[in-house]
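Values in this text are rule-based calculations from the coordinates and carry no lab data. All values derive from a computational prediction rather than experimental measurement. Counting neighbours? That spans all protein chains shown, and the Cβs are built from the backbone with ideal geometry, glycine included.
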Amino acid sequence: MVTRIEVADRAGVSPSTVSRVINNNGYVAEDVRKRIEAAIAELNYIPNRAAQNLRMKSYKQIACLTPSISNPFYSEMFAGIEEMALEIGYSLSLYNITKERRNYLRRVVEGPYDGMILLAPYELSSIMDFNKGAVKMPLSVYWDRPEKTDIPHVFVDMEKVMRQSVEYLIESGHKEIIYLGHYDEKQANPRYKGYENAMKAQGVPIKEYYKNSIGTYEDKLSVGYDAIKVLLNNGQPFTAVAATNDSLAAGAIRAIIESGRKVPDDISVIGVDNIELAKIVTPTLTTMNIPKIEIGRLLVKQLLDQIHNERKLARNIEEEVTLIERESVKRIDSDFKESYINSIIKL
């Protein structure tokens, strides 16, 4: 293995001068710098970054934790995290942490990282209380819960997102709207709260069968498909589905089409997230766009602020969500609703 001393000998300089060039630390004349860079290239010298980082008291590494690594929403957010980390010269490790891997989390927290990013911290907090200083390193989180946190975070108001989604359906003439997502009467849920508030504000009653509860981490294609298929098989009338994510919405579309009905001519469907899938399902999915790549990049910048003791970004950053209109929602009138509901009842 080529050493720094060999690079110095080839370039005709001292090892300390080679170190200044490699670490970009301190003045080196331009002609000397070029000789050293040429020597590095000729000898194919690869610096020992681990040793460098130890001397600088920095690992140049970030840990990213999520309880749902297969969820495309978090996959796209992670792409933004990775993109930003590479731009600033940091390595990145991704961990899938669940309650069953509680002991694994402890090893990660004690690992060689300059900072940590949490995705879905509400679920992870059931394993470790991050608010009470359990993690002795800079921390930044993606936060979408109504509870307050002192941890630096990028926040999306999911109650507002879901309310806007349902309001769009109501403005399009829909009142028989199925809620498809996590629902628990004993536990506050911003997504269901947004659905409920939008319906109540317009004086639209919420029938019991409108509330279709999905288990934690079960918000995926097959679950959305099964839930809507049951409703259709039972002949329960509705003109629209408000899903809490795009995977559930895509599953709902498949169930509706398989039943012989059309989207959006017979039943409209709207999602949340705007993952890649939303652009390629047929019909393409109307959804609420959460800027996942930008959130990922902001999380790294926010973490870097803490690592370097800077104040370039706010500790609490709220990202706005926008409606993406595609093909899966149809504006209807009262005559359509009456004729459609009658056709469901006859079936």
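Structure notes:
- Within region 273-286, residues that are at positive phi reach partners that are surrounded by 19 or more Cβ atoms within 10 Å (Cβ to Cβ) with beta carbons closer than 6 Å, at six or more positions or on different chains, in the pairs ASP273/PHE73; ASP273/ASN245; ASP273/ASP246; ASP273/ILE290; ASN274/THR287.
- Total residues in region 9-31, condition of a type in the set (D, E, K, R) and loosely packed, with under 11 Cβ neighbours inside 10 Å: 2
- The selection criterion, being within 30 Å of SER140 (Cα to Cα), touching a strand residue (DSSP E or B) at 6+ places or on another chain (Cβ under 7 Å) and acidic (Asp, Glu), holds for ASP246.
- Those residues of region 166-193 which are in a helix (DSSP H, G or I) and within 20 Å of PHE73 (Cα to Cα), in sequence order: PRO190, ARG191, TYR192
- Residue list for region 199-213, filter: touching a helix residue (DSSP H, G or I) at 6+ places or on another chain (Cβ under 7 Å) and either in a strand (DSSP E or B) or crowded, with 22+ Cβ neighbours inside 10 Å (or both): MET199, ASN212
- Region 221-253, residues that are free of Cβ contacts under 8 Å to residues at least 40 places away in the same chain and assigned to a loop (DSSP other than H, G, I, E, B): ASN234
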